[in-house]
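Please treat every number below as a calculation from the coordinates, not as lab data. Here the structure is a predicted model, which is why all the values come from computation and not from measurement. Using ideal geometry, Cβ is built from the backbone for each residue, glycine included, and neighbour counts are taken over all protein chains shown.
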Amino acid sequence: MTDVRPAMPSGPAADAAPSAPMVETTELARDYRTQGGTVHALRDVTLRVGRGQLVAIRGRSGSGKTTLLSLVGALDRPTRGSVVVDGLPVSELAESALVDFRRRRVGFVFQTFGLLPILSAAENVEVPMRLVQTGPRERDERIRELLDLVGLGGRGEHRPYELSGGEQQRVAIARALANRPALLLADEPTGQLDSLTGRSIMALISHLVRSEGVTAIVATHDPMLIDLADRVVELRDGQVVDGGG
C-alpha cells in the first residue's frame with residue numbers, strides 16, 4: 001500500500017481545481033466470500049459526486065447502499081476499482097493514513113445514532129475534536145456553534161436518554177461535522193424516526209450542505225426524502241441503474 005498522509009486544508013487536495021469532483025469511484029466492486037459462495041455486494045460502480053452537492057443513494061435493502069458508503073468513507077476496502085475523495089486516492093492509502101482521513105476529512109451519520117450514553121450532548125460532539133487534539137477553547141466554540149446550528153443550543157448538558165430520537169440524530173450530525181469535514185456520509189439517518197421528524201433531519205442536512213460548505217451523500221429508501229436531494233443515484237443488485245453522472 002502507498003503510505004500517503006491525507007492532505008489538510010492547506011495541502012494539495014485543498015488546492016485542487018474547483019471543477020474536480022469531491023468523490024469519484026471507478027469500476028468499484030466489493031465481493032464477500034460466504035459458505036454459500038461469493039456475494040457481489042457492489043459491481044463495477046463508476047460514480048462522480050460534485051462539490052457542494054447533496055446526493056441521495058436509493059435502493060432496496062441489499063442493493064449495495066451501505067457497502068458503497070463504507071468504501072467511500074474508507075471503513076472498508078474494495079475488492080477491485082478505485083475511490084478518490086477530495087483528490088486523495090483513498091483506496092490506495094495505508095491504514096495509518098486512513099485513520100487520519102476518517103477523523104479529519106469525512107463525517108459519518110448512522111441510523112442508530114451511535115452516541116455515547118454516559119456523555120452529554122456537548123461531550124459527544126467534543127469527542128472527534130479530542131481525537132485530533134483540538135485545543136480546549138476551539139473545542140468549546142465549535143460545540144456551541146454546532147449545537148446552535150442543529151437547533152439544540154439549550155440541550156448541551158442533556159444525555160442521550162434525555163433526548164428524543166430526532167434530537168439524538170441532531171447531536172450525531174453535529175458530532176459528524178465537528179472537525180469540519182469535506183464530506184458527510186449518512187446511512188439511513190432517518191430509519192428510526194417517524195416521517196415528520198425524518199423529513200426535518202433531511203432538511204437539516206440539506207441546510208448544512210449550504211451553510212457548512214460540505215458535500216453530502218445520504219443513503220435512503222424513503223421516497224419522501226428524495227425530493228430534498230440535488231441528485232438521486234439508484235442502486236439495484238450492487239449496480240448503478242440511474243444517476244451515476
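General observations
- Acute angle (nearest 10 degrees) that the helix 195-212 long axis makes with the longest principal axis of the chain, alpha-carbon atoms: 90 degrees
- Amide H to amide H distances under 5 Å link Val233 with Ala56, Ile57, Arg58, where only residues 5 or more positions off or on other chains count and H is placed in the peptide plane.
- Angle between the chain longest axis and helix 95-104 axis [Cα atoms, degrees, rounded to 10]: 50 degrees
- Helix 165-176 and the longest principal axis of the C-alpha atoms of the chain enclose an angle of approximately 70°.
- Figure legend: label point modelled 7 angstrom from the Cα of Ser164 along Cα→Cβ; residues of region 173-194 with amide N under 19 Å from it are 173-174, 189-194.
- The phi torsions of region 115-126, fed into the Karplus equation with coefficients 6.51, -1.76 and 1.60 and a -60° offset, translate into couplings of 7, 7, x, 7, 9, 6, 4, 4, 5, 5, 5, 6 Hz, rounded to whole numbers, with Gly and Pro shown as x.
- Antiparallel DSSP beta bridges within the chain, as percent of all bridges there, nearest 5: 50 percent
- Label of the coordinate-derived value, Rg/Rh (Cα atoms, Kirkwood Rh), listed as (i) 1.05; (ii) 0.96; (iii) 0.93: (ii)
- Gaussian network model of the chain, Cα within-10 Å springs - most flexible of Gly81, Gly73, Gly135: Gly135
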